[in-house]
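Just so it is clear, none of the values below were taken in a lab; they were calculated from the coordinates. Please read these numbers as outputs of a predicted model, since none were measured by experiment. Ideal geometry is used to build each Cβ from the backbone, glycine not excepted, and the neighbour counts take in all protein chains shown.
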Ligand SMILES: NC(=O)C1=CN([C@@H]2O[C@H](COP(=O)(O)OP(=O)(O)OC[C@H]3O[C@@H](n4cnc5c(N)ncnc54)[C@H](OP(=O)(O)O)[C@@H]3O)[C@@H](O)[C@H]2O)C=CC1
Ligand SMILES: CC(=O)N[C@@H](CCC(=O)OP(=O)(O)O)C(=O)O
C-alpha cells in the first residue's frame, strides 16, 4: 500500500484528492491536515466521505508526514516550497498541486507569484507532471509540479499541432473559461453565488500567472519561443474548464488524423469525432480531457476545443495519475470514474 499524506485537506482540491484516494485500492490515507479544522472528523466536514475516510484533520505541525510514501500539497502557492526539502530528505515523495515548482526560470516565477522562492535548487529537480508529455521523467521523480488547470486544458489541446511543426508560433490564442471552484474554497466576494451565478466575465486579460506556465511548456515542445494570448473567463459553472484554442496553420494537415494518432494510446485524452463539440459536463468528476478539432470553412485557422474538470484532470485527478506513475501502478488505477451527467 502507498501511504499518503495530504496537506490542505479542507480545500476543493483536497476533498477531490480524498474522494479519489479513498477509492484507490493501493492507497492508505495516513494524515490529512488543516490548521483551522484540526480535531474535526473529515467525514463531519465532507459527508460524502462518511464510511470511507475515518481520519480526523490534524494540524500540519503534528501530522506524521515523514512516515508517508508521498505527500500531496493542496495548499496555496508558497507553502509546499517551505516543507519539501525536509520531506525529500526523509525519503518522502512530494506532489505539489500549487505552482511552487512549475516554472523553471526562478526570476520569472518570483515576478508572477510576487514572493521570493524558498528553494530554487529544487525547481531544477522538479518534474512537470503532465503525463501525456513527460511520463518517463515522472516515473523517476522525487518531486512533481502538478500542472495548473488552464495549462492542462491548453497544453493538451495545442500539443499535437506544435509537435507536428504546423502551427504559427507567433499567434497562438487560448480563450479559456473556468467554473468557480477554480478559485478555491476560501471566502471571496467574486465567488459568491449572487456575484458569479447568471454572469460571465473575462479577467486578468493583462496577464495571468498561467501564461508563463503554458508558454514554458509549449516553448519546450516547439524548441523555440511562442507568442501566446491567454484570456481566462469566469463562468457560472461549479466545475469545468472549456478552452477554445486558435492556431494559424503553416502547412497542410489532416487535423482529425493528427489528433487521433497523437492521443491513440492516452487513456485520459479522448479525441471526439470530426465536427463534435465537447461539453464540460462530459468530464465532470472524471480525469479526462475531451478534445475536438475544427477548421472553419476550410480556412487556415485550426480551432481546438479542449475540456477538463478543473478539480480532476486539472488538479487532483492528474496528481493521482502522477502518483500512480511514481509507484509503478497502472496509470488509471483508481481513476476510472465515469463523469457525472447530467
Ligand atoms: N481549485 C482548482 O481548480 C485548482 C487549484 N489548484 C491549486 O491547488 C492549490 C489548492 O487549491 P484549492 O483546493 O482550490 O484551495 P483552497 O483555498 O480551497 O484550500 C487551501 C487548503 O490549504 C490549507 N492551507 C492554507 N494555508 C496553509 C498553510 N499556510 N499551511 C498549511 N495548509 C494551509 C487550507 O486549510 P487550513 O487553512 O485550515 O490549513 C485548505 O485546506 C492551490 O495552490 C491552487 O492554486 C490547482 C489546479 C486547480
Ligand atoms: C476561476 C479561477 O479563479 N481560477 C484560478 C486558477 C486556478 C488555480 O487554482 O490556479 P493554479 O492552477 O495555478 O493553482 C485563477 O484564475 O486564479
**Request:** Please give the length that would be gained between residue 41 and residue 55 if that part of the chain were fully extended, namely 0.36 nm times their separation in residues minus their C-alpha to C-alpha distance (nm, one decimal).
**Result:** 4.4 nm
**Prompt:** Could you put 105, 96 in order, starting from the residue whose Cβ has the fewest other Cβ atoms within 10 Å?
**Reply:** 105, 96
**Message:** If you average the C-alpha positions of the range 301-316 and of the range 106-128 separately, how far apart do those two centres end up, in angstrom?
**Reply:** 25
**Asked** Once you put a point 7 Å from the Cα of residue 82 and another 7 Å from the Cα of residue 104, both along the Cβ direction, what distance in nm separates them?
**Response** 2.9
**Request:** Compute the long axis of helix 210-222 from its Cα atoms, compare it with the longest principal axis of the Cα atoms of the chain, and write down the angle in degrees, 0 to 90, nearest 10.
**Result:** 60
**Asked** By how many degrees, 0 to 90 and rounded to 10, does the Cα axis of helix 12-22 deviate from the longest principal axis of the chain?
**Response** 70
**Prompt:** Taking R0 as 22 Å, what's the FRET efficiency between residue 327 and residue 267 from their Cβ-Cβ distance, rounded to 0.05?
**Reply:** 0.80
**Message:** Could you tell me how many cubic angstrom of Cα convex hull volume the range 2-125 has per residue?
**Reply:** 102
**Message:** Order these by the 10 Å Cβ neighbour count, fewest first: 121, 59, 270, 100.
**Reply:** 121, 59, 270, 100
**Spin-label proximity, residue 137 to the range 283-324 - amide N less than 19 Å from point 7 Å beyond Cα toward beta carbon** = 315, 318-324
**Request:** Please find the FRET efficiency linking residue 337 to residue 124, where r is the Cβ-Cβ separation and R0 is fixed at 51 Å, and quote it to the nearest 0.05.
**Result:** 0.90
**Asked** Between residue 246 and residue 197, what is the spin-label point distance in nm, taking each point 7 Å from the Cα along the Cα→C-beta axis?
**Response** 3.3
**Request:** Specify the angular offset, from 0 to 90 degrees and rounded to the nearest 10, of the alpha carbon long axis of helix 149-163 from the longest principal axis of the alpha carbons in the chain.
**Result:** 40
**Message:** With the cut-off at 1.5 for a/c, could you classify the chain from its C-alpha gyration tensor as rounded, prolate or oblate?
**Reply:** prolate
**Request:** Could you list 24, 210 in order of exposure, starting from the residue whose Cβ has the fewest other Cβ atoms within 10 Å?
**Result:** 24, 210
**Complete:** In nm, the gap between the two label points placed 7 Å beyond Cα toward Cβ at residue 206 and residue 300 is 3.5
**Asked** For residue 89 and residue 3, what does the FRET efficiency come to when R0 = 25 Å and r is the distance between their Cβ atoms, rounded to the nearest 0.05?
**Response** 0.90
